[in-house]
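The values are calculated or read from the model by the stated rules, or taken from the named source; none is laboratory data. The model shown is predicted, which means the values in this text are computed figures rather than measured ones. Cβ placement follows ideal geometry from the backbone for every residue including glycine, while neighbour counts extend to all protein chains displayed.
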């Protein structure tokens with residue numbers, strides 16, 4: 001089975017500079033990224049590591065690109081991604097996460113995230129697939145309202161909502177030009193996954209991306 005890259009795009013009512021800070025500064029990440037933060041400020045060409053509020057290792061890798069957005073060019077933040085918060089995922093090779101931050105209008109920023117190089121990391125592929133949805137929407141909510149998303153009360157309620165959306169959501173294959181089987185491209189601004197991306201028999205809960213928050217929310221991978 002060929003594992004395609006996960007691709008997400010979202011619009012945020014904030015400036016590119018504000019969004020860039022939210023992605024690269026621990027003051028922001030600990031508020032929406034399951035309490036995780038950089039051990040040291042990220043720098044291009046250097047190794048990085050993130051940890052949770054309890055000091056538990058989350059992710060490590062290398063910062064391959066780090067170019068802040070300007071009036072003339074989008075921002076680029078590219079990092080290799082090696083999971084540490086789960087022993088099984090930690091055995092898989094590093095993957096690659098590319099952030100692109102671009103001005104889309106006055107007070108509006110387009111964020112595109114591509115998580116690729118997952119061909120030999122099926123467990124990571126499954127774990128981050130829905131996890132990035134939570135992260136991006138929580139970042140958006142934090143920047144626009146000053147508060148991150150609250151924790152979901154019950155995974156079963158999330159599953160019911162997904163199944164309900166799938167009954168009324170049109171097929172968005174045209175958005176990617178190749179269909180969800182090639183690249184998962186969803187309009188996360190509306191928080192409605194394309195019907196074919198759901199793979200309903202496999203969906204039992206949304207999977208957190210990163211270590212569980214302090215209240216002990218468990219990682220869900222493969223419906224466990």
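Taking (1) at pLDDT 95 or above; (2) out of contact with any helix residue (DSSP H, G or I) (no Cβ under 7 Å at 6 or more places or on another chain) in turn, residue 129 satisfies each apart from (1). Only residues that are touching a residue at least 40 places away in the same chain (Cβ under 8 Å), surrounded by fewer than 20 Cβ atoms within 10 Å (Cβ to Cβ) and more than 16 Å from the chain's Cα centre (by Cα) were counted across region 2-43, and they come to 6.
Among the residues making up region 108-120, those that are over 11 Å from residue 96 (Cα atoms) and touching a helix residue (DSSP H, G or I) at 6+ places or on another chain (Cβ under 8 Å) are 109, 111.
Please go through region 77-93 and give me each residue that is closer than 23 Å to residue 45 by Cβ and either within 13 Å of the chain's Cα centre (by Cα) or surrounded by 17 or more Cβ atoms within 10 Å (Cβ to Cβ) (or both), ordered by number. Scanning region 77-93 gives 77, 78, 79, 80, 81, 82, 83, 84. Cβ-Cβ contacts under 6 Å between residues 6 or more apart (or on different chains), taken from a first residue in region 146-158 that is over 23 Å from residue 19 (Cβ atoms) to a second residue that is modelled with pLDDT under 80 and part of a loop (DSSP other than H, G, I, E, B), are listed as 155/205; 158/152; 158/206.
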